[in-house]
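The values are calculated or read from the model by the stated rules, or taken from the named source; none is laboratory data. Every value quoted in this text rests on a predicted model; they were computed, and no experiment measured them. Positions of Cβ are backbone-derived with ideal geometry, glycine not excepted, and every protein chain shown enters the neighbour counts.
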Amino acid sequence: MKKILITGGAGFIGSHVVRRFVTNYPQYHIVNLDKLTYAGNLANLTDIEDQPNYSFVKADITDAAEINTLFKQENFDAVIHLAAESHVDRSITDPTAFVMTNVIGTVNLLNAAREHWKGNYGEKRFYHVSTDEVYGALGETGMFTETTGYDPHSPYSASKASSDHFVRAYHDTYGIDVVISNCSNNYGSHHFPEKLIPLAINNIKNNQPVPVYGKGENIRDWLWVEDHARAIDVIFHQAKSGQTYNIGGHNEWKNIDLIHLLCDIMDKKLGRPAGESAKLITFVTDRAGHDLRYAIDSTKLQKELDWVPSLQFEEGLDKTVSWYLENEAWLSDVTSGNYQAYYDKQYEGR
Ligand code: NAD
Ligand code: TYD
């Protein structure tokens, strides 16, 4: 049986990846390693937590000794690395936390792989999950391809760019089998309500202002999170060592247009008069260094590995809103902080 370490599996995308691998691959044992920061929530995985091919380890990837011990004990066959500090606004307030987890944490994992996989590099795989934000910002036209030069602007994207470089360096220097994917903005269930879409859903639901940075003219390319998890599955199993793939939805939206669409969906679902939720839109001071536009060219992934997004945005957004409205307990536990108190108690002293 193959043993796969998935880091950050209690977070938004990680929980979808863990669910997919535990469910679709009973021949693998999935070890989910997560520090359970504010963004990590084991309630994201209650549906699969009792599966015999799943286990959870609470650990911090910045702790090299802890990571080494785990690699020694578990003899992993592969790593799918998602653990990260992921929110741009937080990176503007506290860049160091991003250097620690995203750069040092990634290097700690690479060092453990380098040490414990010695003599076996050809049979092991280190998959690094990254972002399109490493490429910087686009103007009105053009798209990011795998050969676009790195030009990160935020402390978040700078830390992810650095981690990407380290992963490639360990491939080139030591011969470790690595793959990297750079994905556009994800949306879907279990998304922490600090990012645009879940924050707006929560605020609209509670009749609170919906903050739109600047004039709302920035553009993001949105992808259904389960399509991202499927792309990771395909790349993990089929990509050649050292390859990079861009993952995106060919689905560009101006923030303000997206928020209007969301308000329309919410009006319908909450039985409000048309136009009611849009009254909550509030233009606020722009984010410092706000990247104007992201757009991913995923032709390489489509052509080489036959992956295409499965869901239209309108349908995906509708499903996402329904999930948040149907999972009120999840949302209120996350917004009140109750979810952390519960897990702090459960893992006291660990
Ligand atoms: P998230 O913030 O929802 O989850 C991150 C997870 O990592 C959490 O469970 C957290 O507890 C864990 N974590 C953080 N620091 C840790 C540490 N020091 N040790 C162990 N675990 C730690 O993030 P997400 O949105 O699910 O993103 C997952 C990955 O995908 C990240 O690497 C991110 O850069 C990348 N990514 C995200 C998006 C997006 O739209 N959200 C797009 C492209 C790429
Ligand atoms: P976000 O979800 O933070 O993702 P990222 O910064 O990684 O793209 O933000 C998506 C877009 O929405 C981005 O252009 C910033 C903007 N935004 C707002 O206008 N208001 C908000 O409250 C937030 C969180 C983001």
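Go through the stretch 32-50 and give me each residue that's among the hydrophobic types (A, V, I, L, M, F, W, C), touching a Phe, Trp or Tyr at 6+ places or on another chain (Cβ under 7 Å) and within 22 Å of E74 (Cβ to Cβ).
Those that are among the hydrophobic types (A, V, I, L, M, F, W, C), touching a Phe, Trp or Tyr at 6+ places or on another chain (Cβ under 7 Å) and within 22 Å of E74 (Cβ to Cβ): L36, L42, I48.
Does the stretch 126-146 hold any residues that are part of a helix (DSSP H, G or I) and hydrophobic (A, V, I, L, M, F, W, C), and which are they? Write out each step before concluding.
First pass over the stretch 126-146, keeping only residues part of a helix (DSSP H, G or I): 132-135.
Result: V134, single match.
Report, by residue number, each residue of the stretch 161-191 that is of a type in the set (G, A, S) and without any contact (Cβ under 8 Å) to a residue 12 or more places away in the chain.
Across the stretch 161-191, the qualifying residue is only A169.
Does I201 satisfy the condition of being among the aliphatic types (A, V, I, L, M), touching a strand residue (DSSP E or B) at 6+ places or on another chain (Cβ under 6 Å) and within 16 Å of ligand 1 (Cβ to nearest atom)? Lay out the reasoning, then the answer.
Numbers: among the aliphatic types (A, V, I, L, M): yes; touching a strand residue (DSSP E or B) at 6+ places or on another chain (Cβ under 6 Å): no; within 16 Å of ligand 1 (Cβ to nearest atom): yes.
No; evaluated as a whole, the condition is false for this residue.
What's the number of the only condition in (1) within 16 Å of ligand 2 (Cβ to nearest atom); (2) at positive phi that D89 fails to meet?
(2)
Considering only the stretch 266-319, state which residues are touching a strand residue (DSSP E or B) at 6+ places or on another chain (Cβ under 6 Å), among the hydrophobic types (A, V, I, L, M, F, W, C) and more than 30 Å from D233 (Cβ to Cβ).
L280, I281, F283, V284
Take the residues in the stretch 39-96 that are of a type in the set (D, E) and within 9 Å of ligand 1 (Cβ to nearest atom), then tell me which one is farthest from the chain's Cα centre (by Cα).
My answer is D63.
What is the number of the single condition among (1) touching a helix residue (DSSP H, G or I) at 6+ places or on another chain (Cβ under 7 Å); (2) within 16 Å of ligand 1 (Cβ to nearest atom); (3) of a type outside the set (V, I, T) that M100 does not meet?
Result: M100 passes all but (1).
Can you pull out the residues in the stretch 189-237 that are more than 19 Å from V284 (Cβ to Cβ) and hydroxyl-bearing (S, T, Y)?
S189
Just wondering, is there one or more residues in the stretch 17-24 that are over 17 Å from the mean Cα position of the chain (by Cα), surrounded by fewer than 18 Cβ atoms within 10 Å (Cβ to Cβ) and modelled with pLDDT of 95 or more?
yes
For the stretch 42-62: of the residues being within 20 Å of S86 (Cα to Cα) and touching an Asp or Glu at 6+ places or on another chain (Cβ under 8 Å), which is surrounded by the fewest Cβ atoms within 10 Å (Cβ to Cβ)?
The qualifying residue surrounded by the fewest Cβ atoms within 10 Å (Cβ to Cβ) is K58.
Please go through the stretch 316-334 and give me each residue that is polar (S, T, N, Q), in a helix (DSSP H, G or I) and farther than 15 Å from Y187 by Cα, ordered by number.
Within the stretch 316-334, just S332 meets the criteria.
Given the conditions (1) assigned to a helix (DSSP H, G or I); (2) closer than 13 Å to C263 by Cα; (3) more than 16 Å from ligand 1 (Cβ to nearest atom), which single one is not true for Q208?
If we test Q208 against (1) assigned to a helix (DSSP H, G or I); (2) closer than 13 Å to C263 by Cα; (3) more than 16 Å from ligand 1 (Cβ to nearest atom), just (1) comes out false.
Got a number for residues in the stretch 3-24 being under 19 Å from L110 (Cα atoms) and more than 8 Å from ligand 1 (Cβ to nearest atom)?
Final tally of qualifying residues: 4.
Which count do you get for residues in the stretch 147-160 that are more than 11 Å from ligand 1 (Cβ to nearest atom) and in a helix (DSSP H, G or I)?
2
Among the residues that make up the stretch 127-144, is at least one of them among the charged types (D, E, K, R) and within 18 Å of the chain's Cα centre (by Cα)?
yes
Looking only at the stretch 211-238, count how many residues are within 12 Å of ligand 2 (Cβ to nearest atom) and either free of Cβ contacts under 8 Å to residues at least 24 places away in the same chain or outside any strand (DSSP E or B) (or both).
So the answer is 6.
Specify the residue that is farthest from Q243 (Cα to Cα); the eligible residues are those in the stretch 124-163 that are charged (D, E, K, R) and surrounded by fewer than 21 Cβ atoms within 10 Å (Cβ to Cβ). Talk me through it step by step, then tell me what you get.
Of the residues in the stretch 124-163, the ones charged (D, E, K, R) are 124-125, 132-133, 140, 146, 151, 160.
In the following step, the residues that additionally are surrounded by fewer than 21 Cβ atoms within 10 Å (Cβ to Cβ) were identified as 124, 140, 146, 151.
Numbers: K124: 15, E140: 28, E146: 9, D151: 20 Å.
By that ranking, first place goes to E140.
Anything in the stretch 1-16 that is under 14 Å from the mean Cα position of the chain (by Cα) and outside any strand (DSSP E or B)? List them, or say none. Let's see the steps before the verdict.
Taking the stretch 1-16 first, the residues under 14 Å from the mean Cα position of the chain (by Cα) are 6-16.
G8, G9, A10, G11, F12, I13, G14, S15, H16, listed by residue number.
Of all residues in the stretch 18-68, count the ones that are without any contact (Cβ under 8 Å) to a residue 24 or more places away in the chain and either within 16 Å of ligand 2 (Cβ to nearest atom) or among the hydrophobic types (A, V, I, L, M, F, W, C) (or both).
Start the filter on the stretch 18-68 by keeping residues that are without any contact (Cβ under 8 Å) to a residue 24 or more places away in the chain, which leaves 46, 49-50, 52, 65-66.
With either within 16 Å of ligand 2 (Cβ to nearest atom) or among the hydrophobic types (A, V, I, L, M, F, W, C) (or both) added as a condition, the list becomes 65.
Counting residues in the stretch 18-68 that are without any contact (Cβ under 8 Å) to a residue 24 or more places away in the chain and either within 16 Å of ligand 2 (Cβ to nearest atom) or among the hydrophobic types (A, V, I, L, M, F, W, C) (or both) gives 1.
So I204 passes all but one of these: (1) more than 10 Å from ligand 2 (Cβ to nearest atom); (2) over 25 Å from T335 (Cα atoms). Which condition number does it fail?
Among (1) more than 10 Å from ligand 2 (Cβ to nearest atom); (2) over 25 Å from T335 (Cα atoms), the lone unmet condition for I204 is (2).
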